[in-house]
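I have placed the structure first, in the form of structure tokens, so that the comments after it can refer back to it.
The values are calculated or read from the model by the stated rules, or taken from the named source; none is laboratory data. Since we're looking at a predicted model, the values are computed, not measured. Quick reminder, even Gly has a Cβ in these numbers, built from the backbone with ideal geometry, and neighbours come from all protein chains shown.
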Amino acid sequence: MPCNRLERMTPPPRDGLTDTLAMRRLNMLPKISTYGEYSSDNYGAHSRKVELASVTLFYSYETIVAYRDAQDGLIVSENCWKTTTGKHINWIDGGNKKARKPRAEFESMLAETCKRHGI
């Protein structure tokens, strides 16, 4: 398994029984990947997607710029940064600027979502 990628794994059964607590812990590991269409890994390192059990967080550099969960669907912040983050946001929502939330509203929604998901 590559060391730069966490993957969900199922532990071997113990004495013929599955250790459900260990399985729950392993299934809670996040899946971390990149998004977008970069020709170089140097750029892709700044566009990360973190998939948790019930919510996906999209980062541009170290800032969450979008999230997705079953209740809200895809929620994207308006671009209040520079060109590269604008490209990241366009890759996430396909350029749908009308659906983007003002940053303060986005942060409020994100806080509620994190609370709802216990993160």
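Look at segment 47-69: where a residue is within 14 Å of Trp91 (Cβ to Cβ) and acidic (Asp, Glu), no partner that is surrounded by 17 or more Cβ atoms within 10 Å (Cβ to Cβ) and modelled with pLDDT of 90 or more sits 6+ places away or on another chain with Cβ atoms under 9 Å.
Condition check ((1) touching a Gly at 6+ places or on another chain (Cβ under 8 Å); (2) β-branched (Val, Ile, Thr)) across all residues:
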{"site": "Arg48", "(1), (2)": "no, no"}
{"site": "Leu52", "(1), (2)": "no, no"}
{"site": "Glu62", "(1), (2)": "no, no"}
{"site": "Ala70", "(1), (2)": "no, no"}
{"site": "Ile75", "(1), (2)": "no, yes"}
{"site": "Asn79", "(1), (2)": "yes, no"}
{"site": "Thr83", "(1), (2)": "no, yes"}
{"site": "Asn90", "(1), (2)": "no, no"}
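Identify the residue in segment 55-111 that is over 23 Å from Leu29 (Cβ atoms) and of a type in the set (Lys, Arg) and, among all such residues, is surrounded by the fewest Cβ atoms within 10 Å (Cβ to Cβ). That would be Lys98.
Filtering segment 64-89 to residues that are part of a loop (DSSP other than H, G, I, E, B) and aliphatic (A, V, I, L, M) leaves only Ala70.
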